[in-house]
Structures are given as structure tokens and as C-alpha cells.
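In what follows, a single structure is set out as C-alpha cells and then discussed.
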Amino acid sequence: MLTDHQKALLELFVGSTMISFSGVFVKLTTTGPTIDGFYRMFLGGLLLLLVLPFQSQKIKFNKQALFYTALCGIFFATDLAFWHKSIMHIGPGLATVLVNLQVFVLAVAGFLVYGDKVNKKYLFALPLAALGLYFLVGFSWGTLSSNYKMGVFQSLISMICYSFYIISLRKSQHIPGAFTPILNLAVISLTSAILLAIIATAQHESFLPTQSTDWFWLFIYAIFGQMLGWLLITRGVAKTSISQAGFILLLQPAFSMIWDTLLFQRNTTTLDMFGILLIFMAIYFGNTAHRTRTKSIT
């Protein structure tokens, strides 16, 4: 029998592994990148609504909770719109690694808005991240194609949007009358789906996949990348230390790089691997610097 702590670690491991395939599913479909995001959020939201009647907690609607949860959906939709486009240019591995640099945006937000102290680990992690990013893209920036450069910028914009999503998500969970986790994620998903549908329509992306296999990958993406993956991570984070959670969550960008290399023959040089290693170290130190920052951004 597993202890509650061991179950939480297992939930984090399985959840991180599930969402590490998100970029792979986007790459495998023939639908547009924004449409991929739409179906992830729309199908995931519908599945979560189906689960709602079976949860033990009573559902209560609150205008303030609805506002912050809808705000989460807007930021998450923008994050997905840019991230999915970046995957098309630089691959799922690097796109996922760059988005995970959001820990530094959160640190700046905590310092400027909430007066959090800057931990020594951040001072060590920041130059590590900058150096790792330089080895990954800066060292050969002049030789990169315009599409590849665009993909890097799109990933960095996605990182900023994802950071604001995390901030608003924490706020939505720490107000009187906050929604239950499942209802919270369902509202976020469906709000994101609405905005992504508007963006996709403006970009003239077709909502109908051209291949039957696309429906399979889109459903799998919604289940693994939106419903089960994030629910397991949410449950696991609440029952583990921040250092353990931060280390296990590194599996997402690490596995994403592995899948990118194995499935799409990503050309990864020794310099790339060194840069990725430095960024992983920086993300880990940024995630585990201290617990007070996580509590204060609410």
C-alpha cells in the first residue's frame, strides 16, 4: 500500500508525463495550431463537466470566482495560441522548455506587486537561465531562419501569458466562494475554447480536420493534456513539498525534448544539450526557491 505522500508523488510523475506529450499531439495533427488549442480546451472542458455531478463537494456559483476563472481562461487561450504556433517553427521540445522559464516572470511579479523578497536561489538561477538560453539559440542566432526566430519569440510571449495565467489561477483559488478544482478547470477550459474559436476564425483556420486520425489525436490531447494531466498535477502539488514538486515537474520539458528527438528527429547538438541542462537547473532552482512566493501571489 502506498502512503498519501507516495501517491502524491506518483500523481505528479504521471501528470507531468502526460502533459509532456502535449506538443507531440499538436505536431501530429494536420489541423491549424489554434484549432488544436480550441479542441483541447473544448473537449477537455466538456469532459470535466461530465465529471462534475460525481464530485462530493457542493457546487456554488460566485461572481468574483467566475471573473477570475474567466480571466484565467483568457490568459491560457493566449498562451496556447502562441505556444502552438511556436511548436510549428521550433518543435515541441524547445517550445516547452522556453515556456517553463515562466518561474522568473512569477518571481518579478512577486517582487514588484507583492513585495516578495528575492531569494538567493533566484540570483543564482537567473544567470543560469540566460546562459542556457544563449547556448540554445543565441550562439547561432545569426544563422537561424526567420521562422525559427519567430518560433522563439512566440514561445517567450507564451511564457509571459502562461505566467499571468498562473497568477490569476492562484487568485481564483484563494477568494471567498472559490470554485471547486474541477469546476474551476472546466470554466477555464471553456472560456479558453471560446476565445481560441474567435482567434481561429479570424485566422481562417478550418474547424474540420482533413484526416480521420486528427480526431483521435485531438481527443487524446484533450484527455491527457487538459483533463487528467492537470488534475493529477493539481492534486499532487497540494500534498508534496515545493522542492519535490519542482523537481518532478521538470519531467515535462525534459520528456518533451526526448519525444521531439525520438519522434521528429530533432537535431540536438552537444551545445544544445548543455544549454538545456543549464535551463533545467535554473527552472528547478526557480521553482524551489521558497514557499512564500507561491502563497503570496493569490
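The values are calculated or read from the model by the stated rules, or taken from the named source; none is laboratory data. All figures in this text were calculated on a predicted structure; none of them were measured in a lab. Neighbour counts are summed over all protein chains in view; Cβ atoms, including those assigned to glycine, are modelled from backbone coordinates with ideal geometry.
With a requirement of 2 or more residues that are in contact (Cβ under 8 Å) with a residue 24 or more places away in the chain, in contact with a His (Cβ under 9 Å, 6 or more places away or on another chain) and not polar (S, T, N, Q), the helices (runs of 4 or more DSSP H) lying completely within the stretch 1-56 that satisfy it span 22-28, 33-51. Could you list all residues from the stretch 190-218 that are under 20 Å from Asp79 (Cα atoms), in a helix (DSSP H, G or I) and not polar (S, T, N, Q)? Once the filter is applied, which keeps residues that are under 20 Å from Asp79 (Cα atoms), in a helix (DSSP H, G or I) and not polar (S, T, N, Q), the stretch 190-218 yields Leu190, Ala193, Ile194, Leu195, Leu196, Ala197, Ile198, Ile199, Ala200, Ala202, Leu218. Selection within the stretch 210-229: residues that are touching a Ser or Thr at 6+ places or on another chain (Cβ under 7 Å), buried (at least 18 other Cβ atoms within 10 Å of the Cβ) and of a type outside the set (A, V, I, L, M, F, W, C). The member of this set that is farthest from Met41 (Cα to Cα) is Asp214.
The residues in the stretch 90-133 that are of a type in the set (Lys, Arg) and in a helix (DSSP H, G or I) can be counted, and the count is 2. Does Leu52 satisfy being modelled with pLDDT under 95, of a type outside the set (Gly, Ala, Ser) and buried (at least 23 other Cβ atoms within 10 Å of the Cβ)? So Leu52 fails the test.
Just to be sure, is Ala70 more than 21 Å from Leu133 (Cα to Cα), under 14 Å from the mean Cα position of the chain (by Cα) and either crowded, with 23+ Cβ neighbours inside 10 Å or at pLDDT below 95 (or both)? Show your work before the answer.
Details: more than 21 Å from Leu133 (Cα to Cα): yes; under 14 Å from the mean Cα position of the chain (by Cα): no; either crowded, with 23+ Cβ neighbours inside 10 Å or at pLDDT below 95 (or both): yes.
Criteria not met by Ala70.
Regarding the stretch 11-34, can at least one residue be identified that is under 21 Å from Tyr165 (Cα atoms), buried (at least 19 other Cβ atoms within 10 Å of the Cβ) and over 15 Å from the mean Cα position of the chain (by Cα)? Checking the stretch 11-34: at least one residue is under 21 Å from Tyr165 (Cα atoms), buried (at least 19 other Cβ atoms within 10 Å of the Cβ) and over 15 Å from the mean Cα position of the chain (by Cα).
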